[in-house]
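The values are calculated or read from the model by the stated rules, or taken from the named source; none is laboratory data. Predicted model, so just to flag it, every value in this text is computed and none were measured. Reconstructed Cβ throughout: ideal geometry from the backbone, glycine too, with neighbour counts over all protein chains shown. Just the protein is used for accessible areas: all its heavy atoms, side chains included, with ligands, DNA and RNA removed. Shrake-Rupley method; radii C 1.70, N 1.55, O 1.52, S 1.80 Å.
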Amino acid sequence: MVQPRFVPGLTLSVDYYNIKVNNVITTPTAQQIINTCYDSPTAGNQFCSLFQRAGAGGGPNGEEPFRIIENSLHQTLFNYAKLQTRGIDVDVNYRHRLGGIMINSHLVYTHSLQADSFVDPTQPGFADTVNGELGNPKDAFNWNIGFDTGRFFASYQMRYLSSMVLTLYENQNSFQGRPPQNADEADILAFPSVFYHDVRFGVNFAHGSNFYFGIDNLMDKRPPLASTAIGGGSGIYESIGRRFYAGITAKF
(Lines give C-alpha, C1' and ligand atoms only; values in the text may rest on other atoms or scores of the structure.)
Protein backbone atom coordinates (compact mmCIF):
# COMPACT_ATOMS: atom_id res chain seq x y z
CA MET A 1 0.00 0.00 0.00
CA VAL A 2 1.27 3.46 -0.95
CA GLN A 3 0.16 6.81 0.54
CA PRO A 4 2.20 9.50 -1.26
CA ARG A 5 2.80 12.65 0.79
CA PHE A 6 2.60 14.87 -2.28
CA VAL A 7 -1.08 13.80 -2.83
CA PRO A 8 -2.76 13.96 0.59
CA GLY A 9 -5.73 11.64 0.90
CA LEU A 10 -4.56 9.22 -1.82
CA THR A 11 -4.11 5.51 -1.07
CA LEU A 12 -2.93 3.04 -3.71
CA SER A 13 -2.51 -0.72 -3.44
CA VAL A 14 -1.62 -3.28 -6.12
CA ASP A 15 -1.79 -6.98 -5.26
CA TYR A 16 -0.75 -9.97 -7.32
CA TYR A 17 -2.38 -13.24 -6.34
CA ASN A 18 -1.49 -16.78 -7.35
CA ILE A 19 -3.67 -19.40 -5.67
CA LYS A 20 -3.15 -23.10 -6.30
CA VAL A 21 -5.10 -25.90 -4.61
CA ASN A 22 -3.98 -29.48 -5.18
CA ASN A 23 -6.10 -32.64 -4.96
CA VAL A 24 -9.41 -30.77 -5.02
CA ILE A 25 -12.63 -32.66 -4.32
CA THR A 26 -15.63 -31.04 -5.98
CA THR A 27 -19.03 -31.79 -7.53
CA PRO A 28 -19.21 -30.42 -11.10
CA THR A 29 -22.54 -29.46 -12.64
CA ALA A 30 -24.14 -31.58 -15.35
CA GLN A 31 -22.98 -29.14 -18.02
CA GLN A 32 -19.43 -29.14 -16.63
CA ILE A 33 -19.38 -32.94 -16.77
CA ILE A 34 -20.40 -32.92 -20.43
CA ASN A 35 -18.02 -30.11 -21.37
CA THR A 36 -15.07 -31.71 -19.62
CA CYS A 37 -15.75 -35.08 -21.23
CA TYR A 38 -15.38 -33.62 -24.70
CA ASP A 39 -12.67 -31.11 -23.80
CA SER A 40 -10.34 -33.88 -22.64
CA PRO A 41 -7.80 -35.37 -25.08
CA THR A 42 -9.51 -38.77 -25.12
CA ALA A 43 -13.01 -40.08 -24.44
CA GLY A 44 -11.64 -42.56 -21.91
CA ASN A 45 -11.77 -40.04 -19.07
CA GLN A 46 -13.71 -40.19 -15.82
CA PHE A 47 -16.37 -37.73 -17.03
CA CYS A 48 -17.50 -39.54 -20.20
CA SER A 49 -18.44 -42.61 -18.15
CA LEU A 50 -21.10 -40.63 -16.27
CA PHE A 51 -23.66 -40.42 -19.11
CA GLN A 52 -24.87 -42.26 -22.20
CA ARG A 53 -25.66 -40.96 -25.66
CA ALA A 54 -28.22 -42.24 -28.12
CA GLY A 55 -26.99 -44.05 -31.20
CA ALA A 56 -27.61 -43.16 -34.83
CA GLY A 57 -31.16 -44.51 -34.57
CA GLY A 58 -32.06 -42.42 -31.53
CA GLY A 59 -32.54 -43.27 -27.88
CA PRO A 60 -34.91 -45.48 -25.91
CA ASN A 61 -36.99 -42.51 -24.76
CA GLY A 62 -37.39 -40.97 -28.19
CA GLU A 63 -34.16 -38.96 -27.99
CA GLU A 64 -32.77 -37.60 -31.22
CA PRO A 65 -29.70 -39.37 -32.64
CA PHE A 66 -26.54 -38.82 -30.55
CA ARG A 67 -28.40 -36.84 -27.90
CA ILE A 68 -27.68 -37.62 -24.24
CA ILE A 69 -30.18 -40.20 -23.00
CA GLU A 70 -32.58 -38.78 -20.44
CA ASN A 71 -31.80 -39.60 -16.79
CA SER A 72 -28.52 -41.25 -17.77
CA LEU A 73 -26.22 -38.57 -16.35
CA HIS A 74 -24.92 -39.02 -12.82
CA GLN A 75 -23.42 -36.21 -10.76
CA THR A 76 -20.88 -37.29 -8.19
CA LEU A 77 -17.79 -36.15 -6.31
CA PHE A 78 -14.59 -35.87 -8.33
CA ASN A 79 -10.92 -35.63 -7.55
CA TYR A 80 -9.33 -32.85 -9.60
CA ALA A 81 -5.58 -32.69 -9.99
CA LYS A 82 -5.61 -29.00 -9.01
CA LEU A 83 -7.24 -25.59 -9.40
CA GLN A 84 -5.21 -22.49 -10.11
CA THR A 85 -6.14 -18.82 -10.38
CA ARG A 86 -3.86 -15.81 -10.89
CA GLY A 87 -4.53 -12.12 -11.29
CA ILE A 88 -3.91 -8.53 -10.29
CA ASP A 89 -6.10 -6.42 -7.99
CA VAL A 90 -5.75 -2.63 -7.95
CA ASP A 91 -7.40 -0.42 -5.32
CA VAL A 92 -7.17 3.38 -5.57
CA ASN A 93 -8.88 5.51 -2.93
CA TYR A 94 -8.85 9.31 -2.73
CA ARG A 95 -10.50 11.50 -0.10
CA HIS A 96 -10.00 15.27 0.02
CA ARG A 97 -11.84 18.37 1.13
CA LEU A 98 -11.91 21.18 -1.42
CA GLY A 99 -13.36 24.29 0.14
CA GLY A 100 -16.67 23.21 1.63
CA ILE A 101 -16.95 20.06 -0.51
CA MET A 102 -15.76 16.62 0.58
CA ILE A 103 -14.66 14.58 -2.44
CA ASN A 104 -14.40 10.79 -2.41
CA SER A 105 -13.17 8.58 -5.22
CA HIS A 106 -12.69 4.81 -5.03
CA LEU A 107 -11.59 2.56 -7.91
CA VAL A 108 -11.34 -1.24 -7.66
CA TYR A 109 -9.95 -3.04 -10.72
CA THR A 110 -9.32 -6.74 -11.29
CA HIS A 111 -7.37 -8.31 -14.13
CA SER A 112 -7.63 -12.11 -14.28
CA LEU A 113 -4.57 -13.86 -15.70
CA GLN A 114 -5.62 -17.46 -15.11
CA ALA A 115 -8.66 -19.43 -13.94
CA ASP A 116 -7.90 -23.06 -14.75
CA SER A 117 -9.12 -26.46 -13.60
CA PHE A 118 -6.77 -29.40 -14.03
CA VAL A 119 -9.60 -31.89 -13.95
CA ASP A 120 -7.99 -35.25 -14.66
CA PRO A 121 -5.49 -36.60 -12.10
CA THR A 122 -4.15 -38.99 -14.74
CA GLN A 123 -3.29 -36.00 -16.99
CA PRO A 124 -2.17 -33.35 -14.46
CA GLY A 125 -0.91 -30.96 -17.14
CA PHE A 126 -4.16 -30.79 -19.12
CA ALA A 127 -6.25 -27.76 -18.10
CA ASP A 128 -9.73 -26.42 -18.73
CA THR A 129 -10.06 -22.65 -18.41
CA VAL A 130 -13.02 -20.39 -17.64
CA ASN A 131 -10.99 -17.20 -17.94
CA GLY A 132 -12.87 -14.95 -20.37
CA GLU A 133 -15.98 -17.15 -20.41
CA LEU A 134 -19.44 -15.88 -19.53
CA GLY A 135 -19.45 -14.95 -15.85
CA ASN A 136 -15.65 -14.73 -15.67
CA PRO A 137 -14.45 -11.53 -17.39
CA LYS A 138 -10.73 -11.01 -17.74
CA ASP A 139 -11.13 -7.34 -16.75
CA ALA A 140 -13.65 -5.65 -14.47
CA PHE A 141 -13.76 -2.49 -12.39
CA ASN A 142 -16.02 -0.39 -10.17
CA TRP A 143 -15.38 3.34 -9.82
CA ASN A 144 -17.32 5.39 -7.28
CA ILE A 145 -17.16 9.20 -6.95
CA GLY A 146 -18.96 11.12 -4.22
CA PHE A 147 -19.46 14.80 -3.32
CA ASP A 148 -20.83 16.06 -0.02
CA THR A 149 -21.32 19.72 0.93
CA GLY A 150 -22.95 18.89 4.24
CA ARG A 151 -26.33 20.02 2.98
CA PHE A 152 -26.32 18.27 -0.40
CA PHE A 153 -24.65 15.07 -1.56
CA ALA A 154 -24.25 13.25 -4.86
CA SER A 155 -22.54 10.09 -6.09
CA TYR A 156 -21.71 8.43 -9.38
CA GLN A 157 -20.73 4.82 -10.06
CA MET A 158 -19.25 3.35 -13.23
CA ARG A 159 -18.97 -0.40 -13.69
CA TYR A 160 -17.09 -2.17 -16.48
CA LEU A 161 -17.04 -5.77 -17.72
CA SER A 162 -14.75 -6.88 -20.52
CA SER A 163 -15.91 -9.01 -23.45
CA MET A 164 -16.83 -12.63 -22.65
CA VAL A 165 -17.28 -15.65 -24.92
CA LEU A 166 -20.72 -17.28 -24.95
CA THR A 167 -19.65 -20.91 -24.59
CA LEU A 168 -16.16 -22.34 -24.04
CA TYR A 169 -13.01 -20.24 -24.33
CA GLU A 170 -11.22 -23.19 -25.93
CA ASN A 171 -13.81 -23.39 -28.70
CA GLN A 172 -12.66 -20.08 -30.17
CA ASN A 173 -9.12 -19.61 -28.89
CA SER A 174 -5.87 -21.51 -28.81
CA PHE A 175 -5.13 -22.72 -25.28
CA GLN A 176 -2.08 -24.59 -23.96
CA GLY A 177 -0.86 -24.81 -27.55
CA ARG A 178 -4.05 -26.56 -28.67
CA PRO A 179 -5.91 -25.07 -31.67
CA PRO A 180 -9.48 -23.76 -31.28
CA GLN A 181 -11.94 -26.65 -30.93
CA ASN A 182 -14.89 -25.07 -32.77
CA ALA A 183 -14.03 -21.60 -34.01
CA ASP A 184 -17.17 -21.18 -36.16
CA GLU A 185 -19.70 -22.66 -33.74
CA ALA A 186 -22.07 -19.66 -33.87
CA ASP A 187 -22.73 -16.35 -35.60
CA ILE A 188 -22.24 -14.48 -32.31
CA LEU A 189 -19.16 -15.77 -30.52
CA ALA A 190 -18.79 -13.27 -27.69
CA PHE A 191 -20.69 -10.60 -25.81
CA PRO A 192 -19.09 -7.15 -26.13
CA SER A 193 -17.62 -5.23 -23.21
CA VAL A 194 -20.13 -3.11 -21.32
CA PHE A 195 -20.23 -0.03 -19.07
CA TYR A 196 -22.96 0.66 -16.50
CA HIS A 197 -23.59 4.09 -14.95
CA ASP A 198 -25.49 4.85 -11.72
CA VAL A 199 -26.17 8.26 -10.13
CA ARG A 200 -27.64 9.36 -6.81
CA PHE A 201 -28.53 12.78 -5.33
CA GLY A 202 -29.68 13.75 -1.88
CA VAL A 203 -30.40 16.44 0.69
CA ASN A 204 -29.47 16.26 4.37
CA PHE A 205 -31.86 17.59 6.98
CA ALA A 206 -31.45 18.09 10.68
CA HIS A 207 -30.48 15.27 13.06
CA GLY A 208 -29.06 12.99 10.36
CA SER A 209 -32.24 12.69 8.30
CA ASN A 210 -32.07 12.90 4.50
CA PHE A 211 -33.93 12.49 1.23
CA TYR A 212 -32.31 10.78 -1.75
CA PHE A 213 -33.13 10.09 -5.40
CA GLY A 214 -31.22 7.84 -7.78
CA ILE A 215 -31.07 6.26 -11.21
CA ASP A 216 -29.41 2.89 -11.78
CA ASN A 217 -28.31 1.81 -15.25
CA LEU A 218 -28.59 5.40 -16.42
CA MET A 219 -27.90 4.59 -20.08
CA ASP A 220 -30.59 1.87 -20.13
CA LYS A 221 -28.22 -0.97 -21.04
CA ARG A 222 -30.15 -4.19 -21.66
CA PRO A 223 -28.77 -7.73 -21.35
CA PRO A 224 -26.78 -8.77 -24.43
CA LEU A 225 -28.49 -10.65 -27.21
CA ALA A 226 -29.17 -14.29 -26.21
CA SER A 227 -28.56 -13.51 -22.53
CA THR A 228 -31.43 -13.70 -20.06
CA ALA A 229 -29.15 -12.19 -17.39
CA ILE A 230 -30.42 -14.69 -14.83
CA GLY A 231 -28.59 -17.96 -15.41
CA GLY A 232 -25.59 -19.81 -16.77
CA GLY A 233 -23.18 -17.14 -15.55
CA SER A 234 -25.03 -14.43 -17.49
CA GLY A 235 -26.42 -12.99 -14.23
CA ILE A 236 -23.30 -10.86 -14.25
CA TYR A 237 -25.19 -8.47 -16.58
CA GLU A 238 -27.97 -6.09 -15.59
CA SER A 239 -31.22 -8.03 -15.88
CA ILE A 240 -33.45 -5.01 -16.63
CA GLY A 241 -32.99 -1.52 -18.01
CA ARG A 242 -33.00 1.91 -16.38
CA ARG A 243 -34.39 2.05 -12.82
CA PHE A 244 -35.47 4.99 -10.66
CA TYR A 245 -35.75 5.02 -6.87
CA ALA A 246 -36.18 7.48 -4.02
CA GLY A 247 -36.28 7.29 -0.26
CA ILE A 248 -36.16 9.08 3.08
CA THR A 249 -34.00 8.29 6.07
CA ALA A 250 -35.44 9.72 9.27
CA LYS A 251 -33.76 9.81 12.67
CA PHE A 252 -35.58 10.96 15.79
Are any residues in region 95-125 at pLDDT below 85 and touching a Ser or Thr at 6+ places or on another chain (Cβ under 8 Å), and if so, which ones?
VAL119, ASP120, GLN123
Given the conditions (1) assigned to a loop (DSSP other than H, G, I, E, B); (2) surrounded by 15 or more Cβ atoms within 10 Å (Cβ to Cβ); (3) hydroxyl-bearing (Ser, Thr, Tyr), report the number of the one that THR76 does not fulfil.
(2)
Of the conditions (1) within 28 Å of LEU98 (Cα to Cα); (2) of a type in the set (Ser, Thr, Tyr); (3) modelled with pLDDT under 90, THR167 clears all except one; give me its number.
(1)
Tell me, please, whether a residue that is surrounded by 15 or more Cβ atoms within 10 Å (Cβ to Cβ), hydroxyl-bearing (Ser, Thr, Tyr) and at pLDDT 85 or above can be found in region 40-62.
no
With among the acidic types (Asp, Glu), within 21 Å of CYS37 (Cβ to Cβ) and open to solvent by 30 Å² or more (accessible area, probe 1.4 Å) as the only criterion, which of GLU170, GLU133, GLU185 stands out?
GLU185
Residues satisfying the stated conditions in region 79-102, i.e. among the aromatic types (Phe, Trp, Tyr) and open to solvent by less than 60 Å² (accessible area, probe 1.4 Å)
TYR80
Contact list, first residue from region 203-226 and at positive phi and assigned to a strand (DSSP E or B), second anywhere and open to solvent by 30 Å² or more (accessible area, probe 1.4 Å) and β-branched (Val, Ile, Thr), beta-carbon distance below 7 Å, six or more apart or interchain, is none
Restrict the check to region 229-248 and report whether at least one residue is within 30 Å of PRO124 (Cα to Cα), part of a strand (DSSP E or B) and among the aromatic types (Phe, Trp, Tyr).
no
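Just one of ASN23, ASN71 is open to solvent by 50 Å² or more (accessible area, probe 1.4 Å) and assigned to a strand (DSSP E or B); which is it?
None of the others qualify; the one that does is ASN23.
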Taking the stated definitions as given, is VAL2 open to solvent by 70 Å² or more (accessible area, probe 1.4 Å), touching a strand residue (DSSP E or B) at 6+ places or on another chain (Cβ under 7 Å), free of Cβ contacts under 8 Å to residues at least 24 places away in the same chain and over 26 Å from LEU134 (Cβ atoms)?
yes
Between a residue in region 157-173 that is over 17 Å from PHE195 (Cα atoms) and free of Cβ contacts under 8 Å to residues at least 40 places away in the same chain and any residue that is charged (D, E, K, R) and assigned to a loop (DSSP other than H, G, I, E, B), which pairs come within a Cβ distance under 7 Å, given they are 6 or more apart or on different chains?
THR167/GLU185; ASN171/GLU185
State all residues of region 228-243 that are modelled with pLDDT of 70 or more and either out of contact with any Leu (no Cβ under 9 Å at 6 or more places or on another chain) or hydroxyl-bearing (Ser, Thr, Tyr) (or both); if no residue qualifies, say none.
TYR237, GLU238, SER239, ILE240, GLY241, ARG243
If I filter region 113-127 for residues that are part of a strand (DSSP E or B), touching a strand residue (DSSP E or B) at 6+ places or on another chain (Cβ under 6 Å) and open to solvent by 50 Å² or more (accessible area, probe 1.4 Å), do I get at least one hit?
yes
